[in-house]
Amino acid sequence: MRNSKSMSRYHMTRRAFLGAGIAGAMIATVGTGLAQQPAPAPPVPRVKGPRVWLDMDQTELDAAYDQSVYAPNLQQVVKRWATNSEGGRARLGAPQHYAYGPTSIEGLDVYRTKRPNAPINIFIHGGEWRLGAAKSSAFPAELFVHAGAHYLVPDFAWVQDVGGSLMPIAEQVRRAAAWVHRNAKSFGGDSDRIYVSGHSSGGHLAGVILTTDWPKDFNLPVDAVKGGLCCSGMFDLKPVRLSARRKYINFTDEMEHALSSQRHLDKLNAPVIVAHGTLESPEFQRQSRDFAAAARAAGKPVQLLVGEGYNHFEIIETLGNPYGLLGRAVLEQMQLAKT
(Lines give C-alpha, C1' and ligand atoms only; values in the text may rest on other atoms or scores of the structure.)
Protein backbone atom coordinates (compact mmCIF):
# COMPACT_ATOMS: atom_id res chain seq x y z
CA MET A 1 0.00 0.00 0.00
CA ARG A 2 1.32 3.40 -0.97
CA ASN A 3 2.01 5.82 1.82
CA SER A 4 0.71 9.37 1.70
CA LYS A 5 4.03 10.72 0.47
CA SER A 6 4.18 8.33 -2.49
CA MET A 7 0.51 9.00 -3.29
CA SER A 8 1.19 12.71 -3.33
CA ARG A 9 4.10 12.23 -5.73
CA TYR A 10 1.93 9.98 -7.83
CA HIS A 11 -0.87 12.51 -8.12
CA MET A 12 1.57 15.30 -8.94
CA THR A 13 3.30 13.20 -11.56
CA ARG A 14 0.01 12.08 -13.01
CA ARG A 15 -1.33 15.64 -13.09
CA ALA A 16 1.85 16.83 -14.83
CA PHE A 17 1.64 14.02 -17.32
CA LEU A 18 -2.01 14.57 -18.06
CA GLY A 19 -1.45 18.32 -18.34
CA ALA A 20 1.35 17.79 -20.79
CA GLY A 21 -0.75 15.37 -22.76
CA ILE A 22 -3.69 17.76 -22.95
CA ALA A 23 -1.40 20.63 -23.95
CA GLY A 24 0.22 18.44 -26.58
CA ALA A 25 -3.15 17.44 -27.92
CA MET A 26 -4.21 21.08 -28.07
CA ILE A 27 -1.04 22.06 -29.89
CA ALA A 28 -1.52 19.20 -32.30
CA THR A 29 -5.14 20.22 -32.87
CA VAL A 30 -4.25 23.88 -33.37
CA GLY A 31 -1.35 22.94 -35.60
CA THR A 32 -3.64 20.78 -37.70
CA GLY A 33 -6.15 23.63 -37.88
CA LEU A 34 -3.48 26.11 -38.91
CA ALA A 35 -2.13 23.76 -41.48
CA GLN A 36 -5.58 23.55 -43.01
CA GLN A 37 -5.86 27.35 -43.42
CA PRO A 38 -5.08 28.56 -46.95
CA ALA A 39 -1.88 30.56 -47.29
CA PRO A 40 -2.37 34.27 -48.02
CA ALA A 41 -2.34 35.02 -51.72
CA PRO A 42 0.84 36.72 -52.93
CA PRO A 43 0.36 40.34 -54.03
CA VAL A 44 -0.58 40.67 -57.65
CA PRO A 45 2.35 42.28 -59.47
CA ARG A 46 1.51 45.61 -61.06
CA VAL A 47 1.30 45.40 -64.80
CA LYS A 48 3.61 48.02 -66.23
CA GLY A 49 1.99 50.33 -68.73
CA PRO A 50 3.43 51.90 -71.87
CA ARG A 51 6.65 53.83 -71.43
CA VAL A 52 6.13 57.57 -71.07
CA TRP A 53 9.59 58.84 -70.18
CA LEU A 54 12.86 56.87 -70.28
CA ASP A 55 11.90 53.43 -68.90
CA MET A 56 9.01 54.73 -66.76
CA ASP A 57 5.31 54.29 -67.34
CA GLN A 58 2.80 56.94 -66.24
CA THR A 59 2.47 55.67 -62.67
CA GLU A 60 6.24 55.59 -62.18
CA LEU A 61 6.75 59.01 -63.74
CA ASP A 62 4.01 60.56 -61.61
CA ALA A 63 5.66 59.11 -58.49
CA ALA A 64 9.08 60.37 -59.61
CA TYR A 65 7.75 63.95 -59.54
CA ASP A 66 5.86 63.50 -56.28
CA GLN A 67 8.35 63.84 -53.43
CA SER A 68 5.87 62.64 -50.83
CA VAL A 69 6.33 59.15 -52.27
CA TYR A 70 10.02 59.26 -51.38
CA ALA A 71 9.91 61.36 -48.20
CA PRO A 72 7.52 59.98 -45.58
CA ASN A 73 8.61 62.68 -43.11
CA LEU A 74 7.62 65.52 -45.44
CA GLN A 75 5.19 67.17 -43.00
CA GLN A 76 7.61 66.90 -40.09
CA VAL A 77 10.40 68.64 -42.00
CA VAL A 78 8.18 71.37 -43.44
CA LYS A 79 6.90 72.13 -39.94
CA ARG A 80 10.51 72.26 -38.77
CA TRP A 81 11.30 74.85 -41.46
CA ALA A 82 8.51 77.03 -40.08
CA THR A 83 9.57 76.55 -36.45
CA ASN A 84 13.22 77.26 -37.20
CA SER A 85 12.23 80.30 -39.25
CA GLU A 86 10.30 81.66 -36.26
CA GLY A 87 13.30 81.01 -34.04
CA GLY A 88 15.58 82.85 -36.45
CA ARG A 89 13.30 85.87 -36.49
CA ALA A 90 13.16 85.86 -32.69
CA ARG A 91 16.94 86.15 -32.58
CA LEU A 92 17.56 88.38 -35.61
CA GLY A 93 14.46 90.54 -35.43
CA ALA A 94 11.76 90.96 -38.04
CA PRO A 95 13.02 91.42 -41.60
CA GLN A 96 12.70 94.64 -43.50
CA HIS A 97 10.06 94.30 -46.18
CA TYR A 98 10.22 95.88 -49.63
CA ALA A 99 7.92 95.78 -52.63
CA TYR A 100 9.70 94.76 -55.83
CA GLY A 101 6.61 94.92 -58.03
CA PRO A 102 3.07 96.29 -58.31
CA THR A 103 1.01 93.36 -56.98
CA SER A 104 0.55 92.60 -53.29
CA ILE A 105 2.42 89.28 -53.46
CA GLU A 106 5.53 90.90 -54.91
CA GLY A 107 7.32 91.56 -51.64
CA LEU A 108 10.82 90.84 -50.43
CA ASP A 109 12.00 90.03 -46.89
CA VAL A 110 15.48 91.33 -46.10
CA TYR A 111 17.44 89.97 -43.14
CA ARG A 112 20.26 92.45 -42.78
CA THR A 113 23.79 91.89 -41.61
CA LYS A 114 25.72 94.58 -39.76
CA ARG A 115 28.58 94.56 -42.24
CA PRO A 116 28.45 97.59 -44.58
CA ASN A 117 28.28 97.10 -48.33
CA ALA A 118 27.70 93.39 -47.77
CA PRO A 119 27.13 90.62 -50.31
CA ILE A 120 23.58 89.36 -50.87
CA ASN A 121 22.01 85.93 -51.16
CA ILE A 122 18.50 85.72 -52.61
CA PHE A 123 16.70 82.49 -51.67
CA ILE A 124 13.88 81.18 -53.89
CA HIS A 125 11.61 78.85 -51.96
CA GLY A 126 10.04 75.66 -53.30
CA GLY A 127 6.56 74.18 -53.06
CA GLU A 128 5.68 72.73 -56.49
CA TRP A 129 5.13 76.33 -57.71
CA ARG A 130 1.78 76.21 -55.84
CA LEU A 131 2.80 76.33 -52.16
CA GLY A 132 5.36 77.94 -49.87
CA ALA A 133 6.10 81.42 -48.61
CA ALA A 134 9.00 83.65 -47.66
CA LYS A 135 7.91 83.52 -44.02
CA SER A 136 8.74 79.81 -43.73
CA SER A 137 12.03 80.13 -45.59
CA ALA A 138 13.96 82.14 -43.02
CA PHE A 139 15.67 79.17 -41.38
CA PRO A 140 19.02 79.76 -43.22
CA ALA A 141 19.02 83.51 -42.43
CA GLU A 142 21.30 83.34 -39.39
CA LEU A 143 24.05 81.59 -41.33
CA PHE A 144 24.27 84.45 -43.83
CA VAL A 145 23.72 87.32 -41.40
CA HIS A 146 26.41 86.10 -39.00
CA ALA A 147 28.81 85.44 -41.90
CA GLY A 148 28.41 89.04 -43.08
CA ALA A 149 25.81 88.75 -45.86
CA HIS A 150 22.23 89.92 -46.33
CA TYR A 151 19.66 87.14 -46.74
CA LEU A 152 16.66 87.94 -48.93
CA VAL A 153 13.52 85.90 -49.62
CA PRO A 154 10.93 87.05 -52.16
CA ASP A 155 7.31 86.02 -52.22
CA PHE A 156 5.79 85.36 -55.62
CA ALA A 157 2.53 84.10 -57.07
CA TRP A 158 1.35 80.51 -56.87
CA VAL A 159 0.70 78.95 -60.25
CA GLN A 160 -3.01 78.38 -59.56
CA ASP A 161 -3.43 82.12 -59.05
CA VAL A 162 -1.94 83.08 -62.42
CA GLY A 163 -3.90 80.86 -64.78
CA GLY A 164 -1.73 77.78 -64.40
CA SER A 165 1.26 79.37 -66.14
CA LEU A 166 4.83 79.40 -64.86
CA MET A 167 5.75 82.37 -67.05
CA PRO A 168 4.44 85.08 -64.65
CA ILE A 169 6.26 83.40 -61.74
CA ALA A 170 9.54 83.32 -63.66
CA GLU A 171 9.05 86.97 -64.55
CA GLN A 172 8.44 87.86 -60.90
CA VAL A 173 11.58 86.20 -59.52
CA ARG A 174 13.65 87.75 -62.28
CA ARG A 175 12.24 91.18 -61.47
CA ALA A 176 12.94 90.57 -57.79
CA ALA A 177 16.62 89.92 -58.61
CA ALA A 178 16.71 93.01 -60.85
CA TRP A 179 15.16 95.12 -58.08
CA VAL A 180 17.82 93.91 -55.65
CA HIS A 181 20.57 94.86 -58.09
CA ARG A 182 19.17 98.36 -58.53
CA ASN A 183 18.34 98.94 -54.86
CA ALA A 184 21.07 97.10 -52.98
CA LYS A 185 22.54 100.27 -51.53
CA SER A 186 19.24 101.16 -49.85
CA PHE A 187 19.72 98.33 -47.35
CA GLY A 188 23.53 98.27 -47.25
CA GLY A 189 24.08 95.68 -49.95
CA ASP A 190 26.71 95.38 -52.68
CA SER A 191 25.11 95.14 -56.13
CA ASP A 192 28.30 93.59 -57.48
CA ARG A 193 28.00 90.61 -55.13
CA ILE A 194 24.52 89.17 -55.63
CA TYR A 195 24.01 85.41 -55.42
CA VAL A 196 20.90 83.29 -55.76
CA SER A 197 19.90 80.03 -54.10
CA GLY A 198 16.82 77.89 -54.63
CA HIS A 199 15.30 74.59 -53.60
CA SER A 200 12.96 72.22 -55.46
CA SER A 201 10.68 74.30 -57.69
CA GLY A 202 12.72 77.20 -56.29
CA GLY A 203 15.80 75.39 -57.59
CA HIS A 204 14.14 75.44 -60.99
CA LEU A 205 13.46 79.17 -60.65
CA ALA A 206 17.03 79.80 -59.48
CA GLY A 207 18.17 78.14 -62.70
CA VAL A 208 15.83 80.44 -64.63
CA ILE A 209 17.36 83.48 -62.90
CA LEU A 210 20.88 82.26 -63.64
CA THR A 211 20.10 81.88 -67.37
CA THR A 212 18.47 85.30 -67.76
CA ASP A 213 19.62 87.63 -70.53
CA TRP A 214 20.21 90.55 -68.15
CA PRO A 215 21.42 93.15 -70.69
CA LYS A 216 18.54 92.49 -73.10
CA ASP A 217 15.69 92.02 -70.65
CA PHE A 218 16.66 94.32 -67.76
CA ASN A 219 19.45 96.59 -69.01
CA LEU A 220 21.76 95.14 -66.34
CA PRO A 221 25.30 93.73 -66.59
CA VAL A 222 25.58 90.26 -68.10
CA ASP A 223 26.87 89.01 -64.76
CA ALA A 224 24.25 90.73 -62.62
CA VAL A 225 24.17 87.55 -60.52
CA LYS A 226 27.61 86.34 -59.49
CA GLY A 227 26.82 82.76 -58.52
CA GLY A 228 24.10 80.36 -57.55
CA LEU A 229 22.93 77.21 -55.80
CA CYS A 230 20.32 75.02 -57.48
CA CYS A 231 19.28 72.38 -54.96
CA SER A 232 16.99 69.52 -55.97
CA GLY A 233 15.62 71.43 -58.93
CA MET A 234 14.24 70.72 -62.39
CA PHE A 235 16.17 72.00 -65.39
CA ASP A 236 14.35 70.40 -68.34
CA LEU A 237 10.57 70.65 -68.13
CA LYS A 238 9.75 68.00 -70.74
CA PRO A 239 9.37 65.09 -68.27
CA VAL A 240 7.68 67.39 -65.76
CA ARG A 241 5.14 68.26 -68.44
CA LEU A 242 4.48 64.55 -68.99
CA SER A 243 3.94 63.91 -65.28
CA ALA A 244 0.86 64.47 -63.10
CA ARG A 245 2.00 68.06 -62.57
CA ARG A 246 0.38 68.85 -65.90
CA LYS A 247 -2.93 68.66 -64.03
CA TYR A 248 -2.29 72.03 -62.39
CA ILE A 249 0.19 73.59 -64.82
CA ASN A 250 -0.96 74.53 -68.31
CA PHE A 251 2.26 73.68 -70.10
CA THR A 252 2.89 74.99 -73.59
CA ASP A 253 5.79 74.37 -75.97
CA GLU A 254 6.92 77.96 -75.40
CA MET A 255 6.88 77.57 -71.61
CA GLU A 256 8.68 74.24 -71.69
CA HIS A 257 11.49 75.66 -73.81
CA ALA A 258 11.77 79.12 -72.27
CA LEU A 259 11.92 77.86 -68.68
CA SER A 260 14.17 74.84 -69.19
CA SER A 261 17.46 76.35 -68.04
CA GLN A 262 19.46 73.39 -69.34
CA ARG A 263 18.55 74.56 -72.85
CA HIS A 264 19.93 78.07 -72.27
CA LEU A 265 23.41 77.44 -70.92
CA ASP A 266 24.80 80.04 -73.32
CA LYS A 267 23.29 82.60 -70.92
CA LEU A 268 24.80 81.03 -67.79
CA ASN A 269 27.48 83.54 -66.78
CA ALA A 270 28.09 82.59 -63.16
CA PRO A 271 29.46 79.60 -61.24
CA VAL A 272 26.71 77.28 -60.10
CA ILE A 273 26.45 74.66 -57.36
CA VAL A 274 24.02 71.84 -58.19
CA ALA A 275 22.95 69.54 -55.36
CA HIS A 276 20.63 66.64 -54.59
CA GLY A 277 20.17 64.02 -51.89
CA THR A 278 20.58 60.27 -52.36
CA LEU A 279 17.09 59.62 -50.97
CA GLU A 280 15.32 61.83 -53.49
CA SER A 281 13.24 60.48 -56.36
CA PRO A 282 15.27 59.07 -59.27
CA GLU A 283 14.11 61.83 -61.59
CA PHE A 284 15.18 64.66 -59.28
CA GLN A 285 18.59 63.04 -58.94
CA ARG A 286 18.88 62.60 -62.71
CA GLN A 287 17.77 66.20 -63.38
CA SER A 288 20.59 67.53 -61.20
CA ARG A 289 23.21 65.17 -62.65
CA ASP A 290 22.24 65.97 -66.23
CA PHE A 291 22.17 69.73 -65.63
CA ALA A 292 25.62 69.66 -64.02
CA ALA A 293 26.99 67.48 -66.82
CA ALA A 294 25.52 69.73 -69.51
CA ALA A 295 26.92 72.86 -67.85
CA ARG A 296 30.34 71.22 -67.56
CA ALA A 297 30.25 70.14 -71.20
CA ALA A 298 29.42 73.76 -72.15
CA GLY A 299 32.55 74.92 -70.32
CA LYS A 300 30.67 76.50 -67.41
CA PRO A 301 32.00 76.43 -63.83
CA VAL A 302 29.80 73.93 -61.99
CA GLN A 303 30.05 71.87 -58.82
CA LEU A 304 27.81 68.85 -58.21
CA LEU A 305 27.16 68.00 -54.55
CA VAL A 306 25.48 64.77 -53.46
CA GLY A 307 24.00 64.66 -49.96
CA GLU A 308 24.38 61.09 -48.74
CA GLY A 309 21.36 59.97 -46.72
CA TYR A 310 19.28 63.13 -47.29
CA ASN A 311 15.84 63.19 -48.84
CA HIS A 312 14.38 66.05 -50.86
CA PHE A 313 13.25 68.07 -47.85
CA GLU A 314 16.10 67.36 -45.47
CA ILE A 315 18.98 68.42 -47.72
CA ILE A 316 18.04 72.12 -47.84
CA GLU A 317 18.28 72.28 -44.03
CA THR A 318 22.06 71.92 -44.43
CA LEU A 319 22.04 75.43 -45.94
CA GLY A 320 21.48 76.81 -42.43
CA ASN A 321 24.60 75.14 -41.02
CA PRO A 322 28.05 76.64 -41.76
CA TYR A 323 29.46 73.11 -41.54
CA GLY A 324 26.60 71.49 -43.47
CA LEU A 325 26.91 70.35 -47.06
CA LEU A 326 25.20 73.38 -48.60
CA GLY A 327 26.04 76.00 -45.98
CA ARG A 328 29.76 75.38 -46.34
CA ALA A 329 29.59 75.35 -50.14
CA VAL A 330 27.62 78.60 -50.46
CA LEU A 331 29.80 80.47 -47.96
CA GLU A 332 32.83 79.39 -49.98
CA GLN A 333 31.14 80.50 -53.19
CA MET A 334 30.45 83.91 -51.64
CA GLN A 335 34.01 84.02 -50.25
CA LEU A 336 32.66 84.16 -46.70
CA ALA A 337 33.94 80.80 -45.46
CA LYS A 338 35.78 80.88 -42.15
CA THR A 339 39.32 79.55 -42.15
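The values are calculated or read from the model by the stated rules, or taken from the named source; none is laboratory data. In this text the structure is predicted, and so the values were computed from the model without any measurement. All Cβ positions, glycine included, derive from the backbone under ideal geometry; neighbour counts span all protein chains shown. Remember, those area values only see protein heavy atoms, side chains included, never the ligands or the DNA or RNA. Shrake-Rupley method; radii C 1.70, N 1.55, O 1.52, S 1.80 Å.
Can you list the residues, at least 5 places off or on another chain, whose amide H is less than 5 Å from the amide H of Thr113, using H built in the peptide plane?
Result for Thr113 returns His150, Tyr151.
How large is the convex hull of the Cα atoms of region 221-339 per residue, expressed in Å³ as a whole number?
So the per-residue Cα hull volume is 125 Å³.
In terms of the Cα gyration tensor, with a ≥ b ≥ c the square roots of its eigenvalues, is region 47-148 rounded because a/c is under 1.5, prolate because a/b exceeds b/c, or oblate?
The shape class here is prolate.
Among (1) 56; (2) 23; (3) 37, find the value of percent of Cα pairs over 32 Å apart that was calculated from the structure presented, and write down its label.
(3)
Can you give the accessible area of Trp129 in Å² (nearest 10), computed on protein heavy atoms with a 1.4 Å probe?
0
Quote the accessible area belonging to Thr59 in square angstrom, nearest 10, computed with a 1.4 Å probe and with ligands, DNA and RNA left uncounted.
80
Around Ile124, which amide H atoms from residues at least 5 apart in sequence, or from another chain, sit under 5 Å from its own amide H, with H modelled in the peptide plane?
Ser197, Gly198, His199
Please list Tyr310, Tyr98, Tyr323, Tyr151 from largest to smallest accessible area, probe radius 1.4 Å, with all protein chains kept in place.
If we order Tyr310, Tyr98, Tyr323, Tyr151 from most to least accessible, we get Tyr323, Tyr310, Tyr98, Tyr151.
Under the rule a/c < 1.5 gives rounded, and otherwise a/b versus b/c splits prolate from oblate, where does region 178-236 land using the Cα gyration tensor? Could the numbers behind the result be given before it?
Details: a/c = 2.62, a/b = 1.55, b/c = 1.69.
Cα axes put region 178-236 in the oblate bin.
Rounding to the nearest 20 debye, state how big the charge dipole of the chain is about its Cα centre with +1 on each Lys and Arg Cβ and -1 on each Asp and Glu Cβ.
Dipole of the chain, to the nearest 20 debye: 1740 debye.
Percent of accessible area on the chain owned by carbon and sulfur, 1.4 Å probe?
Roughly 56 percent, rounded to a whole number.
Taking amide hydrogens as modeled 1.01 Å from N in the peptide plane, which residues meet the under 5 Å criterion relative to Arg130, leaving out close sequence neighbours?
Here the answer is Val159, since their amide H atoms fall under 5 Å of that of Arg130.
Can you pull out the trypsin sites (Lys or Arg not before Pro) in region 79-115 that DSSP calls coil and that have at most 12 other Cβ atoms within 10 Å?
Within region 79-115, the qualifying trypsin sites (Lys or Arg not before Pro) (loop, at most 12 other Cβ atoms within 10 Å) are Lys114.
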